[in-house]
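> Structure provided below as structure tokens; questions to follow.
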Amino acid sequence: MEQLLHYVWKHKLFALQPLQTTDGQTVEIIDVGLPNIHAGPDFFNAKIKLNGVLWVGNVEIHLQASDWFAHRHHLDPAYDSVILHVASRMDASPVRTNGEPIPQMELHCPPALLAHYEQLLQEDRYPACHELIPSLSAFFLHSWLSALQVERFESKTEQIHQRLKACNSDWENAFFITLARNFGFGVNSDTFELWAKTVPLTAVNKHRDSLFQVEALFFGQAGLLQELPIDTYTEALIKEYAYLSHKFGLTPSADCHWRFLRLRPGNFPHIRIAQLACLYHRSQGLLSQLMETDNLKQVRELLRGGTSEYWLTHYTFGEISPAHPKTLSNNSIDLLIINTVVPFLYAYGKHKANEALCQRANRFLEELKPENNYIIRTWQECGLKANHAGDSQALIQLKKNYCDPKKCLYCRIGYEYMKKVTRKQGDEVTRKQGDEVTR
């Protein structure tokens, strides 16, 4: 409800009668100010006339006036610049840190707007605004999706920076952790990330020439070599890991709880780890190679991977299956590009102030087909089609950051939905003002 009051204030959906403060001063809103998304008052640099005197300062909005004290604003000098306190329920009188009273005005949400907002919140179907989408212009949707794509870039960049901080600013290590997470393809993503954090790339680099030794490190750290040897290959892996773990002071991760339920065999953790081992056996400085690669075909070839001979006839240790190459599918490779390569191009481009890398990240998304998942299919059913991977990333951002938390008031589509009521309210204001002039 407080967010809705912010919306009412921002769009000046005030009551028709003359505005007054609780102590009787006339109020004229010249400028509602700029919304503040950070700590401090809700709106900056508002211009308000109180009894004809112009005041310039900040505005704070609460559902009930006593929230001023509940949030301890009366003790915070940052709120001394507030020139008007706005609330729906007048159950207290706000003051500055020096005890000086602050003018406050009672504000309520128009009933029609409230009803429309509640429709959005209570709508069972996703997205709640599905009826409006077909009527929106292509230009409007393109503009909003472009903004959402940038939001998603920034969100993933922040995740990369957090991993960099944990890796002492080692970009290759942060890339390995991100790539490993995305090798989990959803079900095992968290476990793959936990596992990758236990794998020392310095040790991998020293034994990169031997695929078998890389496999021993990877499977050993994943806690998959704890059982008794099943065949010659696993017996050799166990012995090799015992040597390498002693050499580098390693212990298997106790937090890796691998999931197999409802997974296709090709997505079993054993296969994904074997593919990663092959990838890092073949590639020295994988991130550096990808940063220098200018076209998608070359990127796909770098990520194509494969496995050692043992995994051609196995999906897990000891269980023989019909011979079948375990290379990544084109769809899987494209998902790795979307969720790993592209974000790193963008993040590293920003880090180095290299606009070309950021543009390449955007170009790759526009060249890739849109993702095919339930989120994208749902939007398409509503009339909002993703034309490329950049659009599909934007639609995922829209669902996760706006639809799921019900932040309709911050969404451009939600704004258009609410604007129908706003327009009616504005027409009513104009009509009644016209009637008053006539009288």
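The values are calculated or read from the model by the stated rules, or taken from the named source; none is laboratory data. Worth saying up front: this structure is predicted, and the values here are computed from it rather than measured. Glycine also receives a Cβ, built like all others from the backbone with ideal geometry; neighbour counts cover every protein chain displayed. We work out accessible area using only protein heavy atoms, side chains counted, and drop any ligands, DNA or RNA first. Shrake-Rupley method; radii C 1.70, N 1.55, O 1.52, S 1.80 Å.
> Please go through (1) surrounded by fewer than 20 Cβ atoms within 10 Å (Cβ to Cβ); (2) more than 18 Å from the chain's Cα centre (by Cα); (3) under 30 Å from Lys10 (Cβ atoms) for Leu384 and return the number of the only condition it doesn't satisfy.
The one condition Leu384 does not meet is (1).
> Here's a follow-up. Checking Leu335 against (1) crowded, with 17+ Cβ neighbours inside 10 Å; (2) touching a helix residue (DSSP H, G or I) at 6+ places or on another chain (Cβ under 6 Å); (3) at pLDDT 95 or above, which single condition isn't satisfied?
Checking Leu335 against (1) crowded, with 17+ Cβ neighbours inside 10 Å; (2) touching a helix residue (DSSP H, G or I) at 6+ places or on another chain (Cβ under 6 Å); (3) at pLDDT 95 or above, the one that fails is (2).
> Something else: Quick one: what pairs do we get from the range 117-138, first residue closer than 19 Å to Tyr374 by Cα, second in a helix (DSSP H, G or I) and of a type in the set (Ser, Thr, Tyr), C-beta under 8 Å, 6+ apart or different chains?
Tyr126/Thr378; Pro127/Thr378; Cys129/Tyr417
> Of the numbered conditions (1) buried (at least 16 other Cβ atoms within 10 Å of the Cβ); (2) modelled with pLDDT of 95 or more; (3) of a type outside the set (Lys, Arg), Val32 satisfies every one except a single condition; which is it?
The single condition Val32 does not satisfy is (2).
> What's the number of the only condition in (1) modelled with pLDDT under 95; (2) under 15 Å from the mean Cα position of the chain (by Cα) that Leu395 fails to meet?
(1)
> Scan the range 6-29 for residues that are assigned to a loop (DSSP other than H, G, I, E, B), touching a helix residue (DSSP H, G or I) at 6+ places or on another chain (Cβ under 9 Å) and surrounded by 14 or more Cβ atoms within 10 Å (Cβ to Cβ) and jot them down.
Passing the criteria: His11, Leu13, Phe14.
> For Glu123, indicate whether it is charged (D, E, K, R) and at pLDDT below 90.
Against the criterion (charged (D, E, K, R) and at pLDDT below 90), Glu123 qualifies.
> Let me spell it out: the conditions are (1) among the basic types (Lys, Arg); (2) outside any helix (DSSP H, G or I); (3) closer than 30 Å to Asn362 by Cβ, and Lys326 meets all of them except one. Which number is the exception?
(3)
> Looking only at the range 400-414, filter to residues that are at pLDDT 90 or above and open to solvent by less than 20 Å² (accessible area, probe 1.4 Å); which one of those is farthest from the chain's Cα centre (by Cα)?
Among residues in the range 400-414 that are at pLDDT 90 or above and open to solvent by less than 20 Å² (accessible area, probe 1.4 Å), the one farthest from the chain's Cα centre (by Cα) is Ile413.
> Could you tell me which of the residues Ala87, Ala70, Ala115, Ala147 is among the small types (Gly, Ala, Ser) and under 18 Å from Lys399 (Cβ atoms)?
Unique residue meeting the criteria: Ala147.
> Report, ordered by the first and then the second residue, all pairs with beta carbons closer than 8 Å, sequence separation of six or more or different chains, a first member in the range 347-364 that is under 20 Å from Glu158 (Cβ atoms), and a second member that is among the basic types (Lys, Arg).
Close Cβ pairs satisfying both conditions: Ala347/Lys156; Gly349/Arg360; Cys358/Lys350.
> Looking only at the range 218-243, count every residue that is under 20 Å from Phe176 (Cα atoms) and of a type in the set (A, V, I, L, M) and tell me the total.
Filtering the range 218-243 for residues under 20 Å from Phe176 (Cα atoms) gives 218-224.
With the extra rule that they be of a type in the set (A, V, I, L, M), the set shrinks to 222, 224.
Final tally of qualifying residues: 2.
> Mind checking whether some residue in the range 407-421 is among the basic types (Lys, Arg), closer than 18 Å to Ser146 by Cβ and not in a helix (DSSP H, G or I)?
Within the range 407-421, the first condition is being among the basic types (Lys, Arg), and the residues that meet it are 407, 412, 419-420.
If we keep only those that are closer than 18 Å to Ser146 by Cβ too, we end up with 412.
If we keep only those that are not in a helix (DSSP H, G or I) as well, we get none.
The answer is no; no qualifying residue exists.
> Which residue pairs have Cβ atoms under 9 Å apart, sit 6 or more places apart or on different chains, and have a first residue in the range 369-383 that is farther than 25 Å from Leu296 by Cα and in contact (Cβ under 8 Å) with a residue 40 or more places away in the chain and a second that is open to solvent by 50 Å² or more (accessible area, probe 1.4 Å) and β-branched (Val, Ile, Thr)?
If the second residue must be open to solvent by 50 Å² or more (accessible area, probe 1.4 Å) and β-branched (Val, Ile, Thr), no pairs are left.
> Can you tell me which residue within the range 237-254, out of those that are open to solvent by 40 Å² or more (accessible area, probe 1.4 Å) and aliphatic (A, V, I, L, M), is nearest to Gly318 (Cα to Cα)?
Among those residues, the one meeting the criterion is Ile238.
> Out of the range 57-75, which residues are under 20 Å from Pro35 (Cα atoms) and either among the aromatic types (Phe, Trp, Tyr) or open to solvent by less than 60 Å² (accessible area, probe 1.4 Å) (or both)?
Result: Gly57, Asn58, Val59, Glu60, Ile61, His62, Gln64, Ala65, Asp67, Trp68, His73.
Listed here are the residues, each with its yes/no results for (1) at pLDDT 95 or above; (2) not in a loop (DSSP other than H, G, I, E, B).
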{"site": "Arg208", "(1), (2)": "no, no"}
{"site": "Gln213", "(1), (2)": "yes, yes"}
{"site": "Ala274", "(1), (2)": "yes, yes"}
{"site": "Ser288", "(1), (2)": "no, yes"}
